Amino acid sequence: MIEQKTLHLTNFHLWQAWKEQSDLEAKKQLIEQYLPLVDYVTNRMAIGLPKNVIKDDLASNGVMGLIDAIEKFDYCRGLQFETYASWRIRGAIIDGLRQGDWVPRSVREKAKKVEEAYQYLEQHYLRSVTDAEISEYLQVSEKEFISMLQDIAVTTVFSLEDPIRDEESETRMSLLVDDKAKNPDYKVHEFYLKESLINGIERLTEKERTVVSLFYYEELSLSEIAEVMSLSPSRISQLHSKAILRLRGALAKNKDQLMQH
């Protein structure tokens, strides 16, 4: 990662020149300074993607996200640009993946069925449901359910970064980045999002909660999490998929509230 404090001090005058004087040379230097962030995000997101996804294409989309972040970032707020830019870069990469339609329709349909199963059963029982209960609801064996999780694992890597509205690039997770935002609309989104995530996280099993924490907050790869938890990478992938599908189910419950604001 980039050393944030050093960049903040050495690049303050560049931000000033770009934002206040529209100095294109300053903008160019900012892009060059933060290009390693694109590499970092690209390498992280490339884990687990199908072989037909070209890494250079991810990086190209990531650069566009970086440029977008530099154009929209407000340096006067005192926020860390790295945090803001990371979500913009991720969003641009995800947009590129969506346009490429790299996930087969059959896999998307499986993911939707499992997500809806978690949503229905956990709202019905008001607790975390077991693999056996999900399997029974889907009318498949537990072995078949695990196979389904393996098939849809790659679709869950970016689930928390899906847009709130289909036509926008703002994501569920990106709404949590700027705690100092004063926009009332933003605060309403933030309230419902946090409420939904809290409810969803409470339904996760201990292992699922650990995987989510290590992956999204400690930024470990799935293989690194496997080492930490002394489990196989495939088991970690299953835990991650189940956790995300549970969370998506919880978020879907308040989708109407999010869409109305």
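The values are calculated or read from the model by the stated rules, or taken from the named source; none is laboratory data. Fair warning: this is a prediction, and the values are worked out from it, not measured in the lab. With ideal geometry, Cβ positions are generated from the backbone for all residues, glycine too; neighbour counts draw on all protein chains shown.
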Could you tell me which residue of the range 78-105 is farthest from Q29 (Cα to Cα), considering only residues that are surrounded by 13 or more Cβ atoms within 10 Å (Cβ to Cβ) and at pLDDT below 80?
V103
Suppose we keep only residues that are modelled with pLDDT of 85 or more and of a type in the set (G, A, S) within the range 19-49. Which one would you say is surrounded by the fewest Cβ atoms within 10 Å (Cβ to Cβ)?
S22
Out of (1) crowded, with 16+ Cβ neighbours inside 10 Å; (2) in a helix (DSSP H, G or I); (3) outside the structural domain of R44 (by TED's automatic domain parsing); (4) not acidic (D, E), the odd one out for S128 is which?
(2)
Spot the failing condition for D68; the list is (1) at pLDDT below 90; (2) surrounded by fewer than 21 Cβ atoms within 10 Å (Cβ to Cβ), and only one is missed.
(1)
Got a sec? Which of E116, E142 is at pLDDT 90 or above and either in the same structural domain as A46 (by TED's automatic domain parsing) or in contact with a Ser or Thr (Cβ under 6 Å, 6 or more places away or on another chain) (or both)?
E142
Quick one: which residue in L30, L37, L79 is farther than 21 Å from R248 by Cβ and either in the same structural domain as G249 (by TED's automatic domain parsing) or not in a helix (DSSP H, G or I) (or both)?
L79
Could you look through the range 145-172, keep only residues that are polar (S, T, N, Q) and surrounded by fewer than 18 Cβ atoms within 10 Å (Cβ to Cβ), and pick out the one that is modelled with the highest pLDDT?
S147
Restricted to the range 106-119 and to residues being over 17 Å from L204 (Cβ atoms) and not aliphatic (A, V, I, L, M), the residue surrounded by the most Cβ atoms within 10 Å (Cβ to Cβ) is K110
Quick check on I70: is it part of a helix (DSSP H, G or I) and in contact (Cβ under 8 Å) with a residue 60 or more places away in the chain?
no
Give me the pairs: first residue in the range 75-88 and among the small types (G, A, S), second residue outside any helix (DSSP H, G or I) and modelled with pLDDT under 85, beta-carbon distance under 9 Å, and six or more apart or on different chains, which are they?
G78/K180; S86/V177
When you look at L126, is it of a type in the set (A, V, I, L, M, F, W, C), under 14 Å from L245 (Cβ atoms) and over 22 Å from the mean Cα position of the chain (by Cα), yes or no?
no
